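Asker: One structure is given below, represented as structure tokens, and several questions about it will come after.
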Amino acid sequence: MNNNADFSKGSLFPLILKSSIPASVSLLITTIYNIVDRIFVGNYVGNTALASLSICFPLSFMMIAFGLMCSVDGSNLFTLFRGKNEVEEANISFGNTFIMTIFFELLLTLLLFIFADKFLYIFGVAETTYDLSMQYYKIVSIGCIFQGLTLVFCDFVKVSGKSILGMMVTGIGAVANVVLDLVFVVFLDWSV
């Protein structure tokens with residue numbers, strides 16, 4: 001199956017649909033990550049743990065924001081250079097985006113760990129949820145770099161004309177999330 005989109009040929013509307021539908025499905029799959037975590041924690045750990053996950057929910061948006069800050073502009077430059085057939089500049093734009101994402105996500109991770117208490121209180125933590133919230137907060141904070149790089153890789157795969165591949169990679173991550181939730185939360189009883 002050829003899922004490459006050549007934007008220099010064909011009618012514009014079908015090309016947009018071919019690219020945007022898998023991108024929309026990828027976003028839907030990404031939201032399912034949080035839903036699945038809440039299903040497992042709510043059913044197998046309890047209400048306090050579920051509240052702890054909800055308190056840490058803004059972390060996801062912070063990681064996504066830092067990742068998108070780099071990946072959107074980097075992938076736009078990549079597309080521009082590819083359209084001009086300037087392969088070396090396209091490769092440089094990917095490399096710079098990759099390095100910037102690592103830098104900013106590591107910076108975010110550092111800030112999240114230094115100001116952990118302050119962030120949790122801003123998010124609305126209560127005494128009853130503090131311990132579980134802090135556990136989940138630290139685990140999620142460690143994942144900043146992976147979240148950012150996932151956005152970069154998916155964006156660059158999409159702008160390379162392989163939006164279905166990007167959707168499939170996101171889907172593999174979602175399936176892995178379900179399996180790991182099952183293993184860690186249900187079978188190993190590791191709480192949040």
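Asker: Which members of region 58-75 meet the condition of being without any contact (Cβ under 8 Å) to a residue 24 or more places away in the chain and more than 10 Å from GLY148 (Cα to Cα)?
Answerer: PHE61
Asker: In region 25-35, what residues are over 11 Å from the mean Cα position of the chain (by Cα) and surrounded by 17 or more Cβ atoms within 10 Å (Cβ to Cβ)?
Answerer: Within region 25-35, VAL25 is the sole residue that qualifies.
Asker: Still on this structure, I have one more. Are any residues in region 121-143 β-branched (Val, Ile, Thr), over 24 Å from the mean Cα position of the chain (by Cα) and farther than 18 Å from VAL185 by Cβ, and if so, which ones?
Answerer: Of everything in region 121-143, just one residue is β-branched (Val, Ile, Thr), over 24 Å from the mean Cα position of the chain (by Cα) and farther than 18 Å from VAL185 by Cβ, namely THR128.
Asker: May I pose another question? Can CYS154 be described as more than 22 Å from SER54 (Cβ to Cβ) and not small (Gly, Ala, Ser)?
Answerer: Yes, satisfied.
Asker: Select from region 121-133 the residues that are buried (at least 18 other Cβ atoms within 10 Å of the Cβ) and hydrophobic (A, V, I, L, M, F, W, C) and list them in ascending order. Outline the logic, then answer.
Answerer: Within region 121-133, the subset buried (at least 18 other Cβ atoms within 10 Å of the Cβ) is 125, 129, 132-133.
Residues satisfying the conditions are VAL125, LEU132.
Asker: Spot the failing condition for VAL87; the list is (1) buried (at least 19 other Cβ atoms within 10 Å of the Cβ); (2) over 17 Å from the mean Cα position of the chain (by Cα); (3) more than 26 Å from TYR137 (Cβ to Cβ), and only one is missed.
Answerer: (1)
Asker: A further question follows. Pick from region 36-53 the residues that are among the small types (Gly, Ala, Ser), at negative phi and out of contact with any Gly (no Cβ under 9 Å at 6 or more places or on another chain): which of them is surrounded by the fewest Cβ atoms within 10 Å (Cβ to Cβ)? Full working, then the answer.
Answerer: Kept after step one, since they are among the small types (Gly, Ala, Ser), are these residues of region 36-53: 42, 46, 49, 51-52.
Those still in the list that are at negative phi too: 42, 49, 51-52.
From what is left, the residues that are out of contact with any Gly (no Cβ under 9 Å at 6 or more places or on another chain) are 42, 51-52.
Values: GLY42: 15, ALA51: 19, SER52: 27.
It comes out as GLY42.
Asker: Tell me, please, whether a residue that is over 21 Å from THR101 (Cα atoms), in a helix (DSSP H, G or I), at pLDDT below 85 and among the hydroxyl-bearing types (Ser, Thr, Tyr) can be found in region 45-57.
Answerer: So far as region 45-57 goes, no, none of its residues is over 21 Å from THR101 (Cα atoms), in a helix (DSSP H, G or I), at pLDDT below 85 and among the hydroxyl-bearing types (Ser, Thr, Tyr).
Asker: Given VAL159, VAL179, VAL186, VAL192, which one is β-branched (Val, Ile, Thr), within 30 Å of GLY83 (Cα to Cα) and over 16 Å from the mean Cα position of the chain (by Cα)?
Answerer: Sole residue among the options that is β-branched (Val, Ile, Thr), within 30 Å of GLY83 (Cα to Cα) and over 16 Å from the mean Cα position of the chain (by Cα): VAL159.
The values are calculated or read from the model by the stated rules, or taken from the named source; none is laboratory data. This structure is a prediction, so every number in the text was calculated from the model and none was measured. Here the Cβ is made from the backbone with ideal geometry for all residues, glycine too, and neighbour counts use every protein chain on show.
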